[in-house]
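Peer 1: Quick one: structure below, then a few questions.
Please treat every number below as a calculation from the coordinates, not as lab data. Please read all numbers here as calculations on a predicted model, not as lab measurements. Virtual Cβ from ideal backbone geometry, glycine too; neighbours counted across all protein chains shown.
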Amino acid sequence: MTPPSDRERIEALRRELHEADLRYYVLDDPVLSDAEYDARYRELAALEARHPELFDPLSPTQRVSGAVAEAFAPVEHTTPLLSLANAMDREELVAFDRRLEEILGPGPRGYVVEPKIDGLSVALRYEGGRFALGATRGDGRVGEDVTANLKTVRDLPLVLRGDVPGALELRGEVYMDWKRFRALNREREAEGEPLFMNPRNAAAGGLRQLDSRIAAQRRLRLFVYEVRAGAEIPRQADVLRQLAAWGLPVARPWSAVEDIEAAIRAVQELGERRDTLAYPIDGAVVKLDDLARSRAAGFTAKAPRAQIAFKFPAEEARTRLEAIEVSVGRTGAVTPTAVVDPVRLAGTRVSRASLHNADFIAERDIRVGDVVRIRKAGEVIPEVVGPVKELRTGQELPFVFPDRCPVCQTPLVRAPGEAAHRCPNPDCPAKRLEGLLHFVSRGAMDMNGFGPAVLGALVASGRVNDPADLFTLTQQELETLPRIGEKSARNLLASLAAARTRPVERLLFGLGIRYVGERVASALMAATGSLAALAEADEARLASIPDVGPQIAASVNAWFQDPGNRRLVERLAAAGLATERQQAPRPASLPLSGERIAITGTLPVPRAEAARRLSAAGAVVEERVGAHTTLLLAGEGGGRKRQEAAERGVRVVGWPELEARMGAGAPEP
C-alpha cells in the first residue's frame, strides 16, 4: 500500500513540474532553475520507481518513453480537418470579403489575423483536462496516431490549467523553430548527413518517427489555434485567449480587426515582421471572428468559406545553370551542386545552389544551360527550384548522374530507402580528406593551420591516410609542404600538441562516426567513460543512453566492430590523445561558477565556441533571459534579450570582460 505521504508528494511534484514546463516552454517565464527542475524530476522518478502502482502515462517523467512502434495506428477524425483556400494578393482578400457579404448579408465583419505556421497540422484530444490522443491530419478524414511523439513536444501541456471541459478537441501546428533548425543542420553537416532544406520537412520527419526518443531529439514545438469540439466560444479572438488560459501555446502576434481593410494592413504588417519571428511562417490566416456566422457561411468541399490563407511570396531569382558538379563527402555521399551565374538573392550573392540528389534532377528535368529559378530554402540554403522550360533554346544538355565515384572511380551504391548515392571505398581519397577536415575542425580537435591545402597535400603525398598519421609528422616533413616554412611548421606541431589536450568527447566527435554529433558524443562519454568501454558496449546498452536511439547505437556498434577502426583508436591513444573521460574540476574552483549567462548579438568569436568556453569556466549557458539569469553576454545587434535583461535587472556584459574573468586558467573546452 502506498503511504499517503508518498502519494501526496508524487502528485505535488507532478503538478509542480507540469507548471514549470508551462512557464518555461510556453510563457517564457521560468520559475525553477535547471538544477531545481532536475532535482525534482529525479525525486519524482525515484518515487515512481518505488510505487509502480501509481504509474501515470502523463507524468512529466513519461514524456519520452522510448517505445518503438511497428506502425502508426489510423485515427478517424470526428469531423474533417479541412485545408484553407489561398489568396495571393490584396484583390483576392477583398473578393473573399465580398463573397462572405453575399452569403451572410450586410453587417459588420470583424476578422482575426493569425500567423500561418509552416509546419504539420495535428488534432489533439483532452479528456478531463488530460492529454489523451494526438493525430496527424492525414487526408483530412483519417490521420495517424502520433500521441507518443507529441508527448515529447515540451510546449504541449499534458495536463491543462483551470476549468476545462470533460472532452475537448483542438487543432494545432507542430513546427521546428529557426534556432533548432539551424542547429540540427549544423549537427547533420558535422555527421556527414544531408541537410534539411526547411524546418517543415525536419518537423514532419520528426513527428513521424517510430521511435519517440528520436522524435524527442528534434525538439519540436507546437502552436494551437482552434477548438474543434467540447467548448462553445463565440469569437475566434476569445478562442485564442481561452487556449492561452488553459496553458496551451498560441502563436503571436495575432490581431482582431474591424474589417477587411484593417485585416489587409495586419497581413502586410505580419509580412514585414516575418524575418524577426523565431518560428517559420509562410503566410497569414484571415478568419471571420464571429464563429456562429463562420459556421453559417458553410464549407466548400475542401475549405471553410469564412477563412482564407494569404501566402507570402518566396523570394526567387532566375539565372543560368552553367554546370553541375558532384562532390564526395566524409560518409561517401555524392552530392550534386549547381554552379550558376552569380545573382543577388535575399540580400546575398549566390553562385552555387543545392540540387539535392539524382532523383531531384531527373524528376524536374534540370539540364545544364537551363535558365533556372533559385530560392533560399527555409531562407537559409540556396536551392534550385526548377528550370524555366519555355526559355529553352535546344542547346541545353541533360545531366547524367555518375555511376562511379568521381574521385576514385569505385562503383557507387545506393542503399534501399536512401536518396543519396555513396562511394563505398574506405580508401577513397575524397572521403579520407573530408574525414581529416572534420577531425581537425573547430568543434572536434580544433587544429589551427590544418586546412584543406595542407591536408590535401599530405593526403596526395601518401604521408597521411588517417588522423593518427598526423601525430607522427616531423618538422622536416612539414617544411616540405608547399608554402610551409620553418615557422609555419612549428605552428603546426604546436597545434598537434594542443590537440593532445582535448577531452575525449571531442575526439569521439572527430572520429566521424555516422550520426554522432557533438551532443551525442558527450552523452556517450558521460555514460561509458572511455572509448574502450564504448567499444565493448552492445547495441542495447548504447540505445538505452539518453539522446541515443537504435539508429545511432547500430552505427556506433558497427564502427567499433571494424578492426581497422579499433586499431585507429589504439594508435591515437599511443600518440597521447585522451581516450578516457576526465573528472571535471569542482565547480567552486572555476572562474564563472554560479553565473547563469544568456547570449545575444554577434560576438568576436563564434557563438558555439563562446558557449563552450563559458561552460568550461563553470557557467550555465541559458537560451533565454529568465528569472535566474545573472548575466547577459551581448555582442553587436541583439534585440529582445536586451530589453528582457533591463526589465529583470540582469547586468549586460561584453565578451572582453568575461574573457578576462576566465583568464589563462580557464580549462580548455
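Peer 1: Taking other Cβ within 10 Å of each residue's Cβ, how do Cys405, Cys428 sort, fewest first?
Peer 2: Neighbour counts put them in this order, fewest first: Cys428, Cys405.
Peer 1: Follow-up. How large is the convex hull of the Cα atoms of region 318-398 per residue, expressed in Å³ as a whole number?
Peer 2: Per-residue hull volume (Cα only) is 96 Å³.
Peer 1: Normalised by the residues of the chain, what does the relative contact order come to in percent, with Cα pairs under 8 Å and at least six apart?
Peer 2: In percent, rounded to a whole number, it is 10.
Peer 1: Kindly put Thr61, Thr501, Thr136 in sequence by how many other C-beta atoms sit within 10 Å of each C-beta, fewest to most.
Peer 2: Thr501, Thr61, Thr136
Peer 1: Towards the positive end of the charge dipole of the chain, with charges on Cβ (+1 Lys, Arg; -1 Asp, Glu), say which of Thr337, Val459, Val227 has the farthest Cα.
Peer 2: Val459
Peer 1: Next up: How much length is gained on full extension from Asn86 to Val142, taking 0.36 nm per residue of separation minus their Cα-Cα distance?
Peer 2: Full-extension gain reported as 17.9 nm.
Peer 1: Positive end of the dipole of the chain, charges at C-beta (+1 Lys, Arg; -1 Asp, Glu), about the Cα centre: which of His628, Ala616, Leu243 has its Cα farthest in that direction?
Peer 2: Checked the options; the winner is Ala616.
Peer 1: For the chain, compute the number of Lys pairs whose alpha carbons are separated by less than 27 Å, excluding pairs fewer than 8 positions apart on the same chain.
Peer 2: Value for the chain: 17.
Peer 1: Roughly how far apart, in whole Å, are the Cα centres of region 272-293 and region 448-492?
Peer 2: About 55 Å separates the Cα centre of region 272-293 from the one of region 448-492.
Peer 1: When the Kirkwood hydrodynamic radius is evaluated over all pairs of different C-alpha atoms of the chain, what value in angstrom, to one decimal, is obtained?
Peer 2: Hydrodynamic radius (Kirkwood, Cα only) of the chain equals 28.2 Å.
Peer 1: What Kirkwood Rh does region 115-265 have if only Cα atoms enter the pairwise 1/r average? Answer in Å.
Peer 2: Computed over region 115-265, the radius equals 16.5 Å.
Peer 1: Using Cα pairs under 8 angstrom and six or more residues apart, how large is the relative contact order of region 318-398, in percent?
Peer 2: Worked out over region 318-398, it gives 28 percent.
Peer 1: State, in angstrom, two size descriptors of region 429-574 derived from its alpha carbons: Rg to one decimal place and Dmax to the nearest whole number.
Peer 2: Calculated on Cα positions, Rg and Dmax stand at 16.0, 51 Å.
Peer 1: Can you give me the distance in nm between label points at Arg130 and Gln643, each placed 7 Å from the Cα along the Cα-to-Cβ direction?
Peer 2: Computed distance between label sites Arg130 and Gln643 equals 4.0 nm.
Peer 1: What distance in nm separates the two pseudo spin-label positions at Ala262 and Asp275, each 7 Å out from Cα along the beta-carbon direction?
Peer 2: Each label point is offset 7 Å from its Cα along the Cβ direction, giving 3.0 nm.
Peer 1: I've got another one for you. Compute the distance from the alpha-carbon center of region 528-599 to that of region 312-326, in whole Å.
Peer 2: If you average the Cα positions of each part, the centres end up 42 Å apart.
Peer 1: What spacing in nm lies between the two simple spin-label points modelled at Arg7 and Glu53, each 7 Å away from Cα in the Cβ direction?
Peer 2: About 0.9 nm separates the two model spin labels.
Peer 1: Among Ser327, Gly386, Ser351, whose Cα sits farthest toward the positive end of the charge dipole of region 318-398 (+1 at Cβ of Lys/Arg, -1 at Cβ of Asp/Glu, about the Cα centre)?
Peer 2: About the Cα centre, the residue reaching furthest to the positive side is Ser351.
Peer 1: Sticking with this structure for a sec: Obtain the radius of gyration and the Kirkwood radius of region 587-662 from its C-alpha atoms and give Rg over Rh.
Peer 2: The Rg/Rh ratio comes out at 0.93.
Peer 1: By counting other Cβ atoms within 10 Å of each Cβ, how are Lys151, Lys287 ranked from fewest to most?
Peer 2: Lys151, Lys287
Peer 1: Over region 429-574, what is the relative contact order in whole percent, taking alpha-carbon pairs under 8 Å and six or more residues apart?
Peer 2: So the answer I get is 22 percent.
Peer 1: Another one. Give the Rg/Rh ratio for region 341-487, taking Rg as the radius of gyration of the Cα atoms and Rh as the Kirkwood radius, to two decimals.
Peer 2: Taking Rg over the Kirkwood Rh, I get 1.07.
Peer 1: Still on this structure, please answer the following. For the chain, give the share of DSSP beta bridges that are antiparallel, in percent and rounded to the nearest 5; count only bridges with both residues there.
Peer 2: That works out to approximately 85 percent antiparallel.
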